[in-house]
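The structure appears below as structure tokens.
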Amino acid sequence: MNIFRLVADLLHLASIFILLLKIQQTKSCAGVSLKTQALYFVVFVTRYLDLFTHFYSVYNSLMKLFFIASSAYIVYLMWKPYRPTYSASTDTFRAEFLIVGAALLGLAFPDSWHILDILWSFSIYLEAVAILPQLFQMTRTGEAETITSHYVFALGAYRALYLMNWIYRYYTEGYMDVIAWVAGAVQTILYADFFYIYLTRVMRGRLFSLP
Amino acid sequence: DEEAKVHDEL
């Protein structure tokens, strides 16, 4: 564990709390992509099957359980109690293409041919693009509530810190994980445009709106 | 059966 990875994981955790806070405070999930949230649930469930086969640390297991449980809870909130506030008409990105694409990549380039590694690779590829429905929705509406942009920013910052963690681990431990690196780089690049708009608008106290 | 690889990152 290094500082980049620890802060990244904590930011990831924070992003989920920000999202839950937004839904509770505004009593609405308007502007939040249910597709992105459902994709994250699929990502966590397919990646963390090693909870049953391998023990790393209490920290590792608790984080995994939290990510699975919280993503399931968010999908439930959006699907049931807050359904009337869900902006379905702007959440129109074709998420099935992302799932099929990630599945094909997972089968073509798995970490190994073990079923857990195929699913792990699938989850890595899927996580890289899971934010797309959310970014697409923000583009369609042209703006987002500030708290929704904080959520996306925390997620993007978590990914950016993972890149630094990999550079650090490469030099200190010789650690290499090409699949995670490539997918992680793609994932971070997807946030690039968003970062710029976020920093120039939200940080100056203006509503997140696209030029 | 071969073991799955170890992935220590979240």
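Would you call A:R140 of a type in the set (K, R), surrounded by fewer than 21 Cβ atoms within 10 Å (Cβ to Cβ), in a helix (DSSP H, G or I) and more than 10 Å from every other protein chain (Cβ to nearest Cβ)? Yes; evaluated as a whole, the condition is true for this residue. Looking only at segment A:143-180, which residues are hydrophobic (A, V, I, L, M, F, W, C), surrounded by fewer than 16 Cβ atoms within 10 Å (Cβ to Cβ) and part of a helix (DSSP H, G or I)? Result: A:M164, A:I167, A:V178.
The set of residues in segment A:181-211 that are at pLDDT 95 or above and either touching a Ser or Thr at 6+ places or on another chain (Cβ under 6 Å) or exposed (fewer than 11 other Cβ atoms within 10 Å of the Cβ) (or both) is empty. Assigned to a helix (DSSP H, G or I), aromatic (F, W, Y) and touching an Asp or Glu at 6+ places or on another chain (Cβ under 9 Å), is that true of A:Y40? So A:Y40 passes the test.
Filter segment A:155-202 down to the residues that are within 21 Å of A:G142 (Cα to Cα), of a type in the set (A, V, I, L, M, F, W, C) and in contact (Cβ under 8 Å) with a residue 60 or more places away in the chain and list them by number. A:L155, A:L190, listed by residue number. Applying the criterion of being among the hydrophobic types (A, V, I, L, M, F, W, C) and buried (at least 22 other Cβ atoms within 10 Å of the Cβ) to the residues of segment A:24-37, the residue that is farthest from the other protein chains (Cβ to nearest Cβ) is A:C29.
Taking (1) within 12 Å of chain B (Cβ to nearest Cβ); (2) surrounded by fewer than 19 Cβ atoms within 10 Å (Cβ to Cβ); (3) β-branched (V, I, T) in turn, A:I124 satisfies each apart from (2).
All conditions in (1) touching a residue at least 12 places away in the same chain (Cβ under 8 Å); (2) exposed (fewer than 15 other Cβ atoms within 10 Å of the Cβ); (3) not acidic (D, E) hold for A:I16, with the sole exception of (2). Kindly indicate the residue of segment A:82-121 that is charged (D, E, K, R) and not in a loop (DSSP other than H, G, I, E, B) and also surrounded by the most Cβ atoms within 10 Å (Cβ to Cβ) among those meeting that condition. Across segment A:82-121, the extreme among qualifying residues is A:D117.
Determine if segment A:119-141 includes at least one residue that is charged (D, E, K, R) and touching an Asp or Glu at 6+ places or on another chain (Cβ under 6 Å). So that I can check it myself, show each step before the final result.
Start the filter on segment A:119-141 by keeping residues that are charged (D, E, K, R), which leaves A:127, A:140.
When the remaining residues are screened for being touching an Asp or Glu at 6+ places or on another chain (Cβ under 6 Å), the result is none.
Checked against the condition, which is being charged (D, E, K, R) and touching an Asp or Glu at 6+ places or on another chain (Cβ under 6 Å), segment A:119-141 yields no hits at all.
Between a residue in segment A:129-152 that is over 22 Å from A:L11 (Cα atoms) and any residue that is of a type in the set (A, V, I, L, M) and surrounded by fewer than 23 Cβ atoms within 10 Å (Cβ to Cβ), which pairs come within a Cβ distance under 9 Å, given they are 6 or more apart or on different chains? What qualifies is A:T139/A:L210; A:T141/A:L210; A:G142/A:L210; A:E143/A:L207; A:E143/A:L210. Restricting the first member to segment A:43-68 and to residues that are within 9 Å of chain B (Cβ to nearest Cβ) and surrounded by 16 or more Cβ atoms within 10 Å (Cβ to Cβ), and the second to residues that are of a type in the set (S, T, Y) and assigned to a helix (DSSP H, G or I), the beta-carbon pairs closer than 7 Å and six or more apart or on different chains are A:R47/A:S123; A:K64/A:Y48.
The values are calculated or read from the model by the stated rules, or taken from the named source; none is laboratory data. All figures in this text were calculated on a predicted structure; none of them were measured in a lab. With ideal geometry, Cβ positions are generated from the backbone for all residues, glycine too; neighbour counts draw on all protein chains shown.
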